[in-house]
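Below: one structure, written as structure tokens.
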Amino acid sequence: MNALNAERLRRLRGCDDVVFHPLLTSEEVSDTQQFDIPDMLTRAEATLDAFDGSIDAIVGYIDFPVSTMLPLLCAKYGTRNASLESLLKCEHKFWSRKVMAEVIPDHVPKFTAFDPFDDEALSRIGEADLRFPFFVKPIKSSGSRLGFRIDSPEDFDFAIQNIRAEIDQISEPFNYVLDQADLPDDIRAIEGHYCMAEQVIGGRQCTVEGYVYDGEVVPYGIVDSIRYPQVLSFFYYLYPSTLPTRVQDQMNEITRKIMAHVGYDNAGFNIEYFWDEVQNKIWLLEINTRIAQSHCDLFEMVDGVSHQQVTIDLGLGRTPDMPQGEGPENVAAEFFYRVFFRDATVARAPSRAEIEVAAEQVPGTRISSYVKKGMKLSDLPEQDAYSFAVASVWMGAKKQSKLLWNYEQVMKRLNYEFSDIEE
């Protein structure tokens, strides 16, 4: 629970009598290259056991490893959360695809699992009827970490080299979580170091935010994900979605069907989709077993409250009190300021005073800078394979075109410089 989220939580509805306690620090669960889940669980349990009050809810708002630890902690302390098995049906990407294929086959691309340490992996992917181009990613990741588009054998070799070097940072702790679950034999055979190869899908990307309360699946908002031109990296998230209403309605219906089938209950989630406008086809990309933290300020600006409301209400066993359209803005976005280097050293980063001046250009703007002078971009955690996000800018406006203009005015005040650039 960092300072930013603590402030968000205090602004939620119906939380005047709720006291929030930190369980693990953000440095322990995010700003690290190694996820020692048994040690994290031991420290979390020691904190809970030493507490002399009532433990009414245990919640989190980030991806791995927090999302996978929550069911273990909640089961031990009797608080509400989705079961570990239903969560893994979403987070284990091979198991998730198999479950999707059972109920929504028309919205699932071709896929297969493969061992990245198998020298014949590319041939086995071809035997599964996957041809160039295709996409590869770990069966468990966070963000877009170790995800690659493969257009040639050379691309595959490059991806495999990177995956082999880094995948144990997630595969070993994820294997620990898998060992705690009751898994079918065919899923248990796909261990944490395995990867997925999938047919390339595309179109206009978005995220459906939703929750399940006592078996009822409730989608409550759709956020568009806008990419930089010609690359896979995100430029900004936009709320509310600009997709046609009929497409949004269909995505919500698919969401209700798959989440009910999975058996996920009493927790928030979000599902990423593509809408191929040319073929008028909806593809389901992946299911995340948490609210999207990046979207919190967007919901607060447009709807009047962060969707942390969903997380807290569900944790306490209450129907989420999530309003719509009660915020000061009509649209809101999170922009990602990125650099497209292999690596570089930060020669200059804006000071706190410069960031404050930049934010003042547009009322209500918030800026987070992720780098400081002298650091290597490769030291940033949770980055995609094609760029580094050095800052995020959250802002609202009355219309989308004004948002983009406002972002440009803010960024003119921020001066980043880089040296030792690897193009």
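Annotations for the structure displayed:
- Test result for Glu166, of a type in the set (Asp, Glu) and either within 30 Å of Ile62 (Cβ to Cβ) or in contact with a Leu (Cβ under 9 Å, 6 or more places away or on another chain) (or both): yes
Matching residues to (1) over 14 Å from Val108 (Cα atoms); (2) under 21 Å from the mean Cα position of the chain (by Cα):
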position: Gln248; (1), (2): yes, yes
position: Arg256; (1), (2): yes, yes
position: Met259; (1), (2): yes, yes
position: Asn270; (1), (2): yes, yes
position: Tyr273; (1), (2): no, yes
position: Glu277; (1), (2): yes, no
position: Ile282; (1), (2): no, yes
position: Ile287; (1), (2): no, yes
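- Looking only at the range 25-39, and only at residues there that are more than 20 Å from the chain's Cα centre (by Cα) and in contact (Cβ under 8 Å) with a residue 12 or more places away in the chain, the one that is surrounded by the fewest Cβ atoms within 10 Å (Cβ to Cβ): Pro38
- Qualifying residue in the range 402-415 (condition: within 17 Å of Lys372 (Cβ to Cβ), modelled with pLDDT of 95 or more, more than 23 Å from the chain's Cα centre (by Cα) and part of a loop (DSSP other than H, G, I, E, B)): no
- Meets criteria (of a type in the set (Gly, Ala, Ser), in contact with a Ser or Thr (Cβ under 6 Å, 6 or more places away or on another chain) and on the phi < 0 side of the Ramachandran plot) for Gly263: no
- Residues that are over 16 Å from Val212 (Cα atoms) and not in a helix (DSSP H, G or I), drawn from the range 62-104: Ile62, Asp63, Phe64, Pro65, Gly78, His92, Ile104
- For Leu377, the conditions (1) over 21 Å from Leu238 (Cα atoms); (2) modelled with pLDDT under 95 all hold with the exception of (2).
So that you can scan it fast, the table gives a plain yes or no per residue for (1) open to solvent by less than 10 Å² (accessible area, probe 1.4 Å); (2) among the basic types (Lys, Arg); (3) over 26 Å from Leu284 (Cβ atoms):
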{"residue": "Asp56", "(1), (2), (3)": "no, no, yes"}
{"residue": "Tyr77", "(1), (2), (3)": "no, no, yes"}
{"residue": "Lys89", "(1), (2), (3)": "no, yes, no"}
{"residue": "Met100", "(1), (2), (3)": "yes, no, no"}
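- Note on the range 303-330: among residues that are of a type in the set (Asp, Glu) and open to solvent by 10 Å² or more (accessible area, probe 1.4 Å), the one that is farthest from Leu12 (Cα to Cα) is Glu329.
- Picking from residues in the range 380-401 that are charged (D, E, K, R) and under 23 Å from Pro328 (Cβ atoms), the one that is modelled with the lowest pLDDT is Lys399.
- Helices (runs of 4 or more DSSP H) wholly inside the range 133-211 that include at least 1 residues being β-branched (Val, Ile, Thr) and under 22 Å from the mean Cα position of the chain (by Cα): 153-166, 168-179
- Of the set (1) outside any helix (DSSP H, G or I); (2) under 23 Å from Ile167 (Cα atoms); (3) open to solvent by 30 Å² or more (accessible area, probe 1.4 Å); (4) not aromatic (Phe, Trp, Tyr), all apply to Asp129 but (2).
- Taken over the range 358-375, residues that are closer than 21 Å to Val29 by Cα and touching a Ser or Thr at 6+ places or on another chain (Cβ under 8 Å) amount to 3.
- Hits in the range 40-76 (condition: of a type in the set (Phe, Trp, Tyr) and more than 25 Å from the chain's Cα centre (by Cα)): Phe51
The values are calculated or read from the model by the stated rules, or taken from the named source; none is laboratory data. What you see is a predicted model; the values in this text were computed from it and never measured. Glycine gets a Cβ as well: all are built from the backbone with ideal geometry, and neighbour counts include every protein chain shown. Surface areas here come from the heavy atoms of the whole protein model, side chains and all, with no ligands, DNA or RNA. Shrake-Rupley method; radii C 1.70, N 1.55, O 1.52, S 1.80 Å.
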